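S.K.: One structure follows; several queries about it will come next.
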Amino acid sequence: MKEFVFNRYKKFLTFVGDIYFATKPPLCKAKQIEDMLSIIKAGDIICRGYNYYLDSYIIPGEYTHSGIVINSREMVHSIAEGVQSIHPVDFIKDTDRFIILRPKYKSNYHSCTVIERAIWHVDANNTQYDFTFSDPNKFYCHEFTVDCLNKGFIFPKTSIKKFGIFPFNFEKRLYLAKDIINISKVVYEFKGGKI
């Protein structure tokens with residue numbers, strides 16, 4: 001019974017996360033894509049945000065999704081379908097804002113271990129998305145990014161997020177984009193035309 005309820009919950013959240021109420025086209029254009037491609041390096045993190053996806057109003061912060069750059073043609077991120085590879089252009093092309101972060105790696109070795117961990121999640125582990133924010137074997141997007149950073153000895157702090165309404169409210173410690181931003185150097189930021 002638990003699995004049945006969880007599968008329904010997963011389908012519902014995936015559906016809600018894909019609802020898009022656009023009154024204008026996405027703000028990211030060819031110039032920002034070209035800028036991004038000329039800047040990114042292996043081990044960088046890109047966080048993105050949208051104005052019109054419903055989940056942008058549910059997930060706190062300007063940037064509601066993150067992924068790790070493997071090389072100029074590949075990133076890895078955690079989405080409802082699990083941890084997957086994506087081209088960096090596809091990662092940002094329909095966004096309204098994004099930020100490129102360069103974590104403060106102690107050495108090239110540490111950035112390589114982060115990249116290896118991201119690839120492991122895709123190839124060896126087939127890691128699934130954590131819809132409950134509580135399964136230690138599954139990861140929501142920022143949690144996935146932090147898991148990889150931990151392998152490079154970078155340890156972001158968590159934020160407290162409040163859920164629900166009285167009397168059914170509770171607090172949970174989660175990783176948010178701001179926690180990843182706090183331990184990284186901002187290399188580039190696009191906020192709807194204002195850099």
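The values are calculated or read from the model by the stated rules, or taken from the named source; none is laboratory data. Everything quoted here is computed from the prediction, not taken from an experiment. FYI the Cβ positions are ideal-geometry reconstructions off the backbone, even for glycines, and counts take in every protein chain you see.
S.K.: Just to be sure I understand, how many residues within the range 170-195 are in a loop (DSSP other than H, G, I, E, B) and modelled with pLDDT of 90 or more?
M.R.: The total comes to 4.
S.K.: While we're looking at this one, here's another question. Can you spot a residue in the range 51-61 that is part of a helix (DSSP H, G or I) and at pLDDT 75 or above?
M.R.: no
S.K.: Residues of the range 88-143 being closer than 15 Å to Ile180 by Cβ and out of contact with any strand residue (DSSP E or B) (no Cβ under 9 Å at 6 or more places or on another chain), which ones?
M.R.: Tyr105 - this is the single residue of the range 88-143 that is closer than 15 Å to Ile180 by Cβ and out of contact with any strand residue (DSSP E or B) (no Cβ under 9 Å at 6 or more places or on another chain).
S.K.: If you check Thr113 against the conditions, is it assigned to a helix (DSSP H, G or I), under 30 Å from Lys24 (Cβ atoms) and in contact with a helix residue (DSSP H, G or I) (Cβ under 8 Å, 6 or more places away or on another chain)?
M.R.: no
S.K.: Also: Considering only the range 112-124, I want to know if a residue exists there that is of a type in the set (Asp, Glu) and closer than 21 Å to Gly61 by Cα.
M.R.: Checking the range 112-124: not a single residue is of a type in the set (Asp, Glu) and closer than 21 Å to Gly61 by Cα.
S.K.: Take the residues of the range 85-123 that are modelled with pLDDT of 95 or more, surrounded by fewer than 18 Cβ atoms within 10 Å (Cβ to Cβ) and within 26 Å of Phe190 (Cβ to Cβ): which is farthest from the chain's Cα centre (by Cα)?
M.R.: Lys104
S.K.: Please pick out the residue among Pro167, Pro156 that is assigned to a loop (DSSP other than H, G, I, E, B) and either in contact with a helix residue (DSSP H, G or I) (Cβ under 6 Å, 6 or more places away or on another chain) or at pLDDT 90 or above (or both).
M.R.: Answer to the selection: Pro156.
S.K.: Something else: If I ask for residues that are surrounded by 14 or more Cβ atoms within 10 Å (Cβ to Cβ) and aliphatic (A, V, I, L, M), which ones from the range 124-160 would you list?
M.R.: Of everything in the range 124-160, those that are surrounded by 14 or more Cβ atoms within 10 Å (Cβ to Cβ) and aliphatic (A, V, I, L, M) turn out to be Val146, Leu149, Ile154.
S.K.: Can you tell me which residue is farthest from Lys191 (Cα to Cα) among those in the range 62-84 that are in a strand (DSSP E or B) and of a type in the set (Gly, Ala, Ser)?
M.R.: By that ranking, first place goes to Gly82.
S.K.: I'd like the full set of residues that are within 22 Å of Tyr129 (Cα to Cα), of a type in the set (Gly, Ala, Ser) and either surrounded by 23 or more Cβ atoms within 10 Å (Cβ to Cβ) or free of Cβ contacts under 8 Å to residues at least 60 places away in the same chain (or both), limited to the range 69-84.
M.R.: Ser78, Gly82
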